[in-house]
Amino acid sequence: MLQRNNRWPASVLGMMLYTLVFIFAHHFWAVAAEQAMRGQPELLLFLLPGMLMALLQPDSPLVSTLWVAVVGTLLGMAWMWLTVTQMHSWLLIVAWSLSALFWAGCGALLVRLMRIMLAMRAE
């Protein structure tokens, strides 16, 4: 279990990982949009920051994951706005970002489910 004073470093680590995944997945999305690829499997990468936050902050895994995801999305969008000259429409980016939030939350819930199943098995 993490102590109370370790919450900020865990949150910063989660935000950095989420922002890096956001930038990588957005780049992959922008490059793959030119090809005839169906679906967006790169969104599954957002399971990783959700799982990491659920492991680092077991007291409130979903809430901490969603806060980290919101801040990471804002940081990623700011980075993309500053570095990428051609952006997609804002509505498309917001929809894509909400999907990323969903997958990060699913990662946290997956870790929670595994913990519950392991606790039931140990009984």
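The table that follows gives values for the structure above.
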read-out	value
Yes/no for GLY105 being within 18 Å of ALA10 (Cα to Cα) and among the small types (Gly, Ala, Ser)	yes
Pairs where the first residue, in the range 51-64, is over 15 Å from TRP8 (Cβ atoms) and the second is surrounded by fewer than 15 Cβ atoms within 10 Å (Cβ to Cβ) and modelled with pLDDT under 90, C-beta under 7 Å, 6+ apart	PRO58/MET1
Residue selected from the range 97-123 under the condition over 12 Å from the mean Cα position of the chain (by Cα) and open to solvent by less than 70 Å² (accessible area, probe 1.4 Å), by the criterion nearest to LEU44 (Cα to Cα)	VAL111
In the range 83-116, the residues that are among the basic types (Lys, Arg) and in a loop (DSSP other than H, G, I, E, B)	none
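The values are calculated or read from the model by the stated rules, or taken from the named source; none is laboratory data. These figures come from a predicted structure and were not determined experimentally. Note: ideal-geometry Cβ built from the backbone for every residue, glycine included; neighbour counts use all protein chains shown. Only protein heavy atoms, including side chains, enter the accessible area calculation; ligands, DNA and RNA are left aside. Shrake-Rupley method; radii C 1.70, N 1.55, O 1.52, S 1.80 Å.
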